[in-house]
Structures are given as C-alpha cells and as structure tokens.
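Take a look at the structure below.
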Amino acid sequence: MKDMNGYLHARNSEDSVSLSVCSGNEEFIFLGASCSASVQPAFASLKSITIAPRKNKEEVVALAVVAHAQERRGSVSRANFLVRVSFSGERPWVEPDKFFIPRAGRLGEITGEWSQAMLSVRIEEKTFVYSPLDLLGKDHAALTNKGFHVVCDGNVLCRYMTGDAQPDEVEKAVVARPNEQTVFEQLAEALERAKRGGDRSNELSVKLLQLEHLHETLRGKLMLEQDRCASLKREATQFIAGARSIVSGDYECRRYPRVF
C-alpha cells in the first residue's frame, strides 16, 4: 500500500481529525468509516473529511484517492487507503505510514481504483462489498454475477473490521445477492401479491423496512451532492468577484480558488 505522504494531509483537534488532499488536483471517494464522519459514504469527489474517533479505540477510514495528471508529471496516480485513526495521548491522530490492518476473522480491503473502487469484507464463505458507483446506478448484476453480496452502507463494513458490527448487521445491509432478486424486485412482487389479496403482510413489512434503509442511504448521497454544488457556487462567486476587481484596476495580489 502506498504511503499517504503526497496524497493526504492530517490535522487534529482535541476530539477530531481532518483529512484533506495535498494539492488542488487531488480528490477522493469516501467509502466508509467505523466512527462518526462529517459526510456519508457516497460516489462523490471530496477534498476533505472530518472524523471523530472514540477514545481507546482503533478506527478505520476507507478512502480511494486520485491525483490528476497536472499534479503528477503527466500521469494519473491512484491510491487506496485504510486509514488508521486513534488517540495519541489526549488527542486523536493519524500516522501517514501506519495503516489499519484488519484482524484475522474480520478481514477486509479496498479493491479497484477511483470510480471502480469498492470496500469488501469476507465473512465465512461470502464476500460483502460496498460499491458507490454500483449503488448510484442501481445495477447490481455485474457484482452479484461474480458472487458478491452488495450492501448499501460502507460504514457497516468498517465497523465489522473493527469488531463493532456483527455478521447479522452486515446481512441486514445487503440489497442484492447472487442468484436472488434485488430488494426492488422483491418489493414489487410482494406488493403485487398484496394487491391480489394474499396474506403476505409480514413479508411486505420486511421488504418495506429494507427499502426504507436503502432510501435513507440514497437520501444522504443526494444531500452530499447538494452541499457540493453549493460549495462550487460559492467558489465561483469568489472567482468572479476577483476577476472583476482585476478588470476594474484593483491589482492587489490575491489567491482565488480554482473552479473545476
């Protein structure tokens, strides 16, 4: 695994750690964390994230980073990190050359790169994966055909690796399994049976709960995208204001954010 130096920079407060990219042309996808985080796992390009680890606990944060060509001498560089966050004395900290290593029996890793990156854990003979891009498109066949069990929440996989979630919690987050219908397909059939007067109230309740869980995850992703759009709008406004001041003759040296 590559060293975080050159990719990520860490700052800490009394009870939290902020991870941010080292240069303007770097960004990352947040795949999950075992503790509280400032954003939810989603297919979105981020520049920073804040983590609130628990004392006396080793936490993990899963990130897929990309450095675009302008900052990497003409080539794109990608790296995945299982970042270890823990308290050092009275303050939480991240050591750039020490990563989270899952214990035997709770193994997990990040596979793929950048947009194709996904977080996976192994439980008995099953592999459970969180794939932000796959969930965004709701097309699980590519993964289930390979034998993967798709979950809708990367955080639960991180908590499993740290010992804070049990296998049944991971199972509850599954939205697609090999050789099975998706939650959406199962719900549609359950509703159809209910319309025909079948006594399937218990089954329908279970499917509705599963759909509600998935809905909350997707709602979080929408909120994250709305926040990102608002941030880009603010940066654009600052950029335009700076450009106008230069045109009007105000040549004071300033540094305005780059708009992508």
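The values are calculated or read from the model by the stated rules, or taken from the named source; none is laboratory data. Quick caveat, the model's predicted, so the values are computed rather than measured. Using ideal geometry, Cβ is built from the backbone for each residue, glycine included, and neighbour counts are taken over all protein chains shown.
Can you find a residue in region 44-58 that is farther than 19 Å from L119 by Cα and buried (at least 20 other Cβ atoms within 10 Å of the Cβ)? Yes, because at least one residue in region 44-58 is farther than 19 Å from L119 by Cα and buried (at least 20 other Cβ atoms within 10 Å of the Cβ). When the criteria are applied in full, L157 fails the requirement of being surrounded by 14 or more Cβ atoms within 10 Å (Cβ to Cβ), within 21 Å of F43 (Cα to Cα), modelled with pLDDT under 80 and touching a Phe, Trp or Tyr at 6+ places or on another chain (Cβ under 8 Å).
Of the residues that make up region 77-84, is at least one farther than 18 Å from G163 by Cα, among the hydrophobic types (A, V, I, L, M, F, W, C), assigned to a strand (DSSP E or B) and out of contact with any helix residue (DSSP H, G or I) (no Cβ under 8 Å at 6 or more places or on another chain)? Yes, region 77-84 has at least one match. Of all residues in region 155-169, those being of a type in the set (A, V, I, L, M) and outside any helix (DSSP H, G or I) number 1. Here T144 qualifies as of a type in the set (S, T, N, Q), out of contact with any Asp or Glu (no Cβ under 6 Å at 6 or more places or on another chain) and modelled with pLDDT under 90. Scanning region 100-135 for residues that are at pLDDT 90 or above and among the aromatic types (F, W, Y), which turns out surrounded by the fewest Cβ atoms within 10 Å (Cβ to Cβ)? Step by step, filter region 100-135, then rank; the result is F100. Of all the numbered requirements in (1) modelled with pLDDT of 85 or more; (2) within 16 Å of the chain's Cα centre (by Cα), A42 misses one, and that requirement is (1). Would you check which residues across region 120-154 are touching a Pro at 6+ places or on another chain (Cβ under 6 Å) and either without any contact (Cβ under 8 Å) to a residue 12 or more places away in the chain or part of a helix (DSSP H, G or I) (or both) and list them? Correct list: T144, G154.
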